[in-house]
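Notes to accompany the following structure.
The values are calculated or read from the model by the stated rules, or taken from the named source; none is laboratory data. Nothing here was measured: the structure is a model prediction, and the numbers come from that model. So basically every Cβ, Gly included, is an ideal-geometry build from the backbone, and we count neighbours across all protein chains shown.
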């Protein structure tokens, strides 16, 4: 089994974005699994051990930030990085009220995302 500290779960309904992110993180030596929505996240977190969850705000079943308490009830230790394409002050305020580790705007550099993931594993 791969060390939990290198296991990342990506939940994003946008297949191309999810694929690009997964490919990038695999090239950086992370073990990556992916899923489309909250159902996938619940199933994979229940079955596996992930150190970090990267989850988009826009998911089919509900807003990603609304799912944080559900996912934290399954694994209170998982570090959640919430992602979005478009940021507003009100959206950011809603997201930051949740128990997340980092808030990532997708238009930013992937190196910033990698740094956030590495920081999540070092805490």
Which listed residue, of 72, 86, is out of contact with any strand residue (DSSP E or B) (no Cβ under 6 Å at 6 or more places or on another chain) and either at positive phi or at pLDDT 90 or above (or both): 72
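Residues checked against (1) without any contact (Cβ under 8 Å) to a residue 60 or more places away in the chain; (2) under 25 Å from residue 19 (Cβ atoms); (3) not in a strand (DSSP E or B):
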residue	(1), (2), (3)
65	yes, yes, yes
69	yes, no, yes
73	yes, no, yes
77	yes, no, yes
80	yes, yes, no
87	yes, yes, yes
90	yes, no, yes
93	yes, no, yes
98	yes, no, yes
Quick one: in region 100-114, which of the residues that are part of a helix (DSSP H, G or I) and in contact (Cβ under 8 Å) with a residue 12 or more places away in the chain is nearest to the chain's Cα centre (by Cα)? 113
Among the residues of region 17-28, is any closer than 17 Å to residue 66 by Cα, surrounded by fewer than 19 Cβ atoms within 10 Å (Cβ to Cβ) and touching a residue at least 24 places away in the same chain (Cβ under 8 Å)? no
Can you find a residue that is buried (at least 17 other Cβ atoms within 10 Å of the Cβ) and in contact (Cβ under 8 Å) with a residue 40 or more places away in the chain anywhere in region 31-49? no
